[in-house]
Amino acid sequence: MQCGQFLHSATRRDFLRNSACGFGQVALAAMAGQKAFAESTATGGALFPKAPHLAARAKRVIFLFMWGGPSHVDLFDPKPRLNQESGKTLAGKDVGSDRETMGELIGSPFRFSQHGESGMWISELFPHLSQHADKLCVINSMHTEGRAHGEALLRLHTGQANLVRPSVGAWVSYGLGSENENLPAFITISPPRGHGGVQNYGCAFLPAVHQATAIGSAELPIAEAKVSNLANDRWNPKLQKSQLELIQSINQKHLNQAGADQRIEGLIASYELAYHMQSTMPQVMSLNDESKSTLDMYGVGSEPTDNFGRQCLLARKFAESGVRYIQVSTNYTWDHHQQVEKGHIAESAKVDQPIAALLEDLDRRGLLEDTLVLWGAEFGRTPTVERGDGRGHHPDAFTMWMAGGGVRAGLTWGTTDDFGYYPVDNPVHMHDLHATLLYALGLHHERLTYRHAGRDFRLTDVYGNIVHELLA
Amino acid sequence: MKPLVSGWILALLIFSPGAVSPAQSDATPSRKGVEFFEQHIRPLLAKHCYECHSARKQKREGGLLLDSQSGWEVGGENGPALVPGDVDASLLIRAVRYTDDDIQMPPNRALPAEAVARLEQWVRMGAPDPRTNDSAESDETFADPSDPIAGRDHWAFQPLSIPQPPTVEDAEWPRRSLDRFVLARLEAEKLQPAPDANPRDLVRRLYFQLIGLPPTPQQIEAFLHDPRPDAVEHLVDELLDSPRYGERWGRHWLDLARFADSNGLDENFLFREAWRYRNWVIDAVNNDMPYDRFLLEQIAGDLLPYDSVEQRDRQRMGTGFMVVGPKVLLGNDERRQRMEVADEQIDTIGRAILGQTLGCCRCHDHKFDPFPTKDYYALAGILTSTTVMERRHMLNQQRVMERLVGIGSDGEARDGAYEKFWREFPEAKEKADQAKSAWESLKKGDEKAVATLLEKNKDAVAEIAADSSKPMQQRITAQKSLAEKLAAVIANRPPIPPRAMIATDAEDPADEAVRISGEFDDLGDQVSRGFLQVLTHDQVEIPEDQSGRLQLSRWLTDVEHGAGHLAARVLANRIWHHLIGRGIVRTVDNFGRAGEVPSHPELLDYLASELINSGWSIKSLVREIAISRTNLMSSAHNETAYSVDPENRLLWKFNRRRLDPESLRDAMLAAGGLLDLAPMESTVWNLNDQATGVGKHPRRRTDFPCRSVYLPVIRNDLPELFEVFDFANPQATTGGRPETTVAIQGLYLLNAEMVMDAAEATARRILDRAPEKRFDLLFSLILNSEPTSAEREELESFVQQTRDRLQDDGDEKAEIHAWTMTCHALFASSRFQFLE
């Protein structure tokens, strides 16, 4: 089918008639409600690529989400004193708390060493990633709210917990549109189904087109994941094509009869895009064209890296195809209330090589310079012990890192106290991270607003400071 | 207005203009002066004077304006109102002092002494006034938008006018009075209403509007052959009497009530009993429960008197409305949670019933609308004096969860026994384990282990077993018997009793303090429980030992002293929105200053008055609009009208509409003869307490053949069709669902199994017929219309070609498959998805 085949110019508006293959955008946008249509007529579509507010350092984001909460003091924030005093009770006054005691300390069993020219501290659990230390910008002073996963996940993804708000990816899609007319602007690979579920990649009151397209879900192996309703096994492709022609012929006659009706026009265009997506998505999702050396680099085909390797490789393919915001999630496997040592060894081994490969691959392809890679979770883990050999939830201080897309490579930002309990220097709140992330994409968090229920909403609500020091 | 106004004019007349020279006040008032003005004087003038003396209100009593500097400088018909610096020479001061019988302002009541003192001080300061001559108060610069008294001027807060239906040129066109309002606007713009829809379109429209289902071929024929002049009225009455009506219109309310079968937010725990509230709403709508009673039972049903247990339970179930909101459940400070729950309830009540965004004033006075933070906390006190959460068994723990109550005469006992069992379970299990362990130790002859256990928990060891003087076999037998007894206790788990989610009054109802910036632990002034001042015309006392919910729900529909007129406007507008496709106020959930104004204000007031006059009968108003000429118009395009009014605000045609996901699914199943019309109770019984758990947890089912309204509404895991086709977001009040057209909808209709299964079932029904009748039935079942000859030919050739191709591919079921593809294509077509 040719692009534009069903567009009979008689009743289409000029922008549709003249936009050739670009009409797919309009279709997808079209109608995300009247408002978005008004917007689409003005700008050429809700997902039409838009100019950012400011000079952009990055064009897209890949967020690697470690569901459950990795332990910062075991991975990026070495604490010699914590190790020395392991087994002792942490007094509140030692970390500036009003509480008398904070619990029993448990040291990290892992060795840390310095890496790259920057001398960045990374633990032995990330040997592959360590080789890319000079690409990373590590923030050790992250803090947020939410002591349970659900609340913290919602704050990480949407900035809010008790109210339903658009997710970061939806805001980015809204702010920047898509670079590929046949793909959504926001894709989430293996998203969590619990702890807020779709709300973590939803669009809330933003037009529906900005919601993420989900591929699989966290508990499923990515190799088995599908985008729903993308294929039809009942009818062969030839028959499907003739059936679609019949549908569009009926629609077109309906439109001719109805006169100007934007929604019937939108419906016709949406079938065009659906048809394109049916062939584009499987192409992008297929790893068949990847070389053996690439697959090996990501650890595809070997354990324990196969699943996360596939996810990272998919992320690269979507990035390459112009998707704006791609999230990759682990399963709910980082929540080590017990056996933090054993658990962290196992989980790190699943992701270390694939993440390093992703950075390497993006770099080789020239994509790293305008792709911002973000790594992290809803919170960190306590320096104190739980259930003998585990660590609890810790939103008060934890680590996230960024790479690529204009971030200051080789920087370790912010410090925590001697035990990793609270930030003491340059704290970065989740709202600050969101503001900074948008800024790197050329969007100002105070100007990226959407009018809903009578007022302007933004990702950072009334909070958020851009941390300019994190950007190159 | 009282005769005092003329006194004011008289006073101006007495004063010789020459006596008061129009002294120019300081051209650029000092900053301090401006601050004083902004802080004290502007709010005072706005609150007490603008109503009769402002350009914005187009009121200039006595010729005087007080909303600009030049206003008081030039003064009224005979002179300036103020003499800067000279208090005693200033008329305005004399008037507000209320000491002179001839001149007393404001006319109805003297200002508080403090306010008079402020005004005097201002005049003594030289009456600094930053309001330049050409910037009389506009909405943007309005002194204090949250001022509840000044806010009464906003159209939505004014009492209903009782508009007479206007006279129209074309007296033949209107069927009902409401049509006159529509036609008069069209005639004023020299526009014609569209002709009536053809009867086939009309019957399809009325069925979907009123019961959300397509008419069967027999029902279409019955209507087409009804010779009565009032066939439309008969059809509408028949549909309103159908139990299917409540399933459609109850769902409209459930959108507002943010109904769901699970919590959503941080932990998606199952609301196992929410379905009772869902069915309560459907029943209430079917029974046309008056709207004032409908709200009363939902907000305070637990507080109402009852004659029977059944009635008590029914009324209690209504309060599910207060309980089904989403909440942050885990790791949440209980005090914070209490404020969050109240916030969610205020937001829901505000938007659903009053069309107001009250949630805005949790942290600050409202930025646009006349609600100070104080009003918010007056309501919050009512809601925090209400209990909707309790500690009970959930997912193997005692957790703070939605409050449940046993239903039926033994409900309390069964619920009590159930909760007791689980409260004691951890201890009972430990004891049973210990008893078993002691038994095993005895068998092994390990006296030491038995002694240890005996020390830990003497109840876990039988008396005889503990007695080492007894023969071993006897001890073992005794311990075995105890271990088995204890094991039986924990094995004998009581079934979940029938319960309902309800609200109750807290034990110690109390007023709330304002929370500074909305922070739950930053307390400001205490506020008496009460309602929104802008809509309160009479003080209502809330007894100290009550939450105030009873008074709140009565206030909401109180047309004399409360919010009744606004509530009627909001509801009438919603009914119009659902039938006509767009509200008279298009921002259906926002009647505030940031919302839109009504396109037909008199019509809105007329409909709201009708609603009140009918005793708040929703069915009566639905009927009135459904049988109006306005609702019978065709959706035909008209270039002239389109060029004048492209958005159809004036209603020159019927708004073509997309079917909502419930109708879409029900209609596909109905076409295939697959739809089971029997009402359903719970459709989530197969789920665990984690409604969207991962791994072994079962997922919500959507394969029930019931109507869509009964499908599980699991927050964050809606049935796919709902998600794709713009179902209401069940996390918050949704008066108008979004209308999107996105590619995933196309993908769904082209590829989803459910669509193809319905297509195949429809094809089978069609193939049961003689060949010459098949295309008529195809059209009748799916599009509820009949084919034109061109349409028939196009489809005939598609069926034929597809059959041939399938046969060429060796498909033995080519016939049924070709017809299935045809039905499938029609389901995917715009003709099926849109309502003409």
Check B:Ala763 against each of (1) out of contact with any strand residue (DSSP E or B) (no Cβ under 9 Å at 6 or more places or on another chain); (2) within 12 Å of another protein chain (Cβ to nearest Cβ) and name the one condition it does not meet. (2)
Checking A:Tyr421, A:Tyr332 in turn, the sole residue that is of a type in the set (Phe, Trp, Tyr), crowded, with 21+ Cβ neighbours inside 10 Å, touching a Pro at 6+ places or on another chain (Cβ under 9 Å) and outside any helix (DSSP H, G or I) turns out to be A:Tyr421
Is there any pair linking a residue in the range B:630-649 that is of a type in the set (Lys, Arg) to one that is surrounded by 16 or more Cβ atoms within 10 Å (Cβ to Cβ), with Cβ under 7 Å and at least six apart or on different chains, and which? B:Arg649/B:Ser599
If we ask which residues in the range B:615-648 are of a type in the set (Gly, Ala, Ser) and part of a loop (DSSP other than H, G, I, E, B), their number turns out to be 6
Please go through the range B:699-740 and pick out each residue that is closer than 30 Å to B:Ala567 by Cβ and among the acidic types (Asp, Glu). B:Asp726, B:Glu739
Within the group B:Ile612, B:Ile584, which residue is in a helix (DSSP H, G or I), in contact (Cβ under 8 Å) with a residue 12 or more places away in the chain, buried (at least 19 other Cβ atoms within 10 Å of the Cβ) and more than 13 Å from every other protein chain (Cβ to nearest Cβ)? B:Ile612
Only one of these conditions is not met by A:Pro304: (1) at pLDDT below 95; (2) in a loop (DSSP other than H, G, I, E, B). Which number is it? (1)
Output for the range B:323-349, where each listed residue is touching an Asp or Glu at 6+ places or on another chain (Cβ under 9 Å) and assigned to a helix (DSSP H, G or I): B:Val323, B:Arg335, B:Arg336, B:Met339, B:Ala342
Identify, by number, the condition in (1) surrounded by fewer than 20 Cβ atoms within 10 Å (Cβ to Cβ); (2) within 23 Å of B:Leu669 (Cβ to Cβ); (3) modelled with pLDDT of 95 or more that B:His817 doesn't meet. (1)
Assess whether B:Pro771 counts as being over 35 Å from the mean Cα position of the chain (by Cα) and more than 12 Å from chain A (Cβ to nearest Cβ). yes
Step by step: first the residues of the range A:225-242, then only those that are within 18 Å of A:Arg193 (Cα to Cα) and free of Cβ contacts under 8 Å to residues at least 40 places away in the same chain, then the one that is nearest to the other protein chains (Cβ to nearest Cβ). Which residue is that? A:Ser228
Which one of these is closer than 28 Å to B:Ala814 by Cα, at the interface with chain B (Cβ under 7 Å from one of its Cβ atoms) and of a type in the set (Phe, Trp, Tyr): A:Tyr271, A:Tyr275? A:Tyr271
Verdict on A:His210 being modelled with pLDDT of 85 or more, over 15 Å from the mean Cα position of the chain (by Cα), under 23 Å from B:Phe722 (Cα atoms) and within 11 Å of another protein chain (Cβ to nearest Cβ): no
Meets criteria (at pLDDT 95 or above and closer than 19 Å to B:Ala503 by Cα) for B:Arg251: no
Among the polar types (S, T, N, Q), at the interface with chain B (Cβ under 7 Å from one of its Cβ atoms) and either more than 26 Å from A:Glu320 (Cβ to Cβ) or in a loop (DSSP other than H, G, I, E, B) (or both) - does that describe any residue in the range A:215-224? no
Failed item, numbered, when A:Leu154 is tested on (1) over 20 Å from B:Thr740 (Cβ atoms); (2) facing chain B (nearest Cβ under 10 Å); (3) touching a strand residue (DSSP E or B) at 6+ places or on another chain (Cβ under 9 Å): (3)
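Within 20 Å of B:Met668 (Cβ to Cβ) and surrounded by fewer than 21 Cβ atoms within 10 Å (Cβ to Cβ): which single residue out of B:Ser780, B:Ser785 fits that description? Walk me through it before giving the result.
Details: B:Ser780 fails: surrounded by fewer than 21 Cβ atoms within 10 Å (Cβ to Cβ).
After applying the criteria, what remains is B:Ser785.
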Here are A:Leu246, A:Leu295: which of them is more than 7 Å from every other protein chain (Cβ to nearest Cβ) and not acidic (Asp, Glu)? A:Leu295
Check on B:Leu651, assigned to a helix (DSSP H, G or I) and more than 14 Å from every other protein chain (Cβ to nearest Cβ): no
Please tell me if A:Asn180 is out of contact with any His (no Cβ under 8 Å at 6 or more places or on another chain) and either modelled with pLDDT of 90 or more or not in a loop (DSSP other than H, G, I, E, B) (or both). no
Go through the range B:499-519 and count every residue that is outside any strand (DSSP E or B) and surrounded by 15 or more Cβ atoms within 10 Å (Cβ to Cβ). 6
Members of the range A:256-268 found to be within 7 Å of chain B (Cβ to nearest Cβ) and either surrounded by fewer than 22 Cβ atoms within 10 Å (Cβ to Cβ) or of a type in the set (Ser, Thr, Tyr) (or both), listed by number: A:Ala258, A:Gly259, A:Ala260, A:Asp261
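Say whether the condition of being over 23 Å from A:Gly266 (Cβ atoms), away from chain A (no Cβ under 14 Å) and not hydroxyl-bearing (Ser, Thr, Tyr) is met by at least one residue in the range B:688-696.
So far as the range B:688-696 goes, no, none of its residues is over 23 Å from A:Gly266 (Cβ atoms), away from chain A (no Cβ under 14 Å) and not hydroxyl-bearing (Ser, Thr, Tyr).
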Set A:Arg111, A:Arg165, A:Arg155: member being modelled with pLDDT under 95 and of a type in the set (D, E, K, R): A:Arg165
Determine if the range B:655-670 includes at least one residue that is over 30 Å from B:Leu270 (Cβ atoms), within 14 Å of chain A (Cβ to nearest Cβ), buried (at least 22 other Cβ atoms within 10 Å of the Cβ) and of a type outside the set (A, V, I, L, M). yes
Residue ID - farthest from A:Phe205 (Cα to Cα), chosen from residues in the range B:732-750 that are facing chain A (nearest Cβ under 7 Å) and surrounded by fewer than 21 Cβ atoms within 10 Å (Cβ to Cβ): B:Glu739
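The values are calculated or read from the model by the stated rules, or taken from the named source; none is laboratory data. Because the structure is a prediction, the values reported are computed rather than measured. Virtual Cβ from ideal backbone geometry, glycine too; neighbours counted across all protein chains shown.
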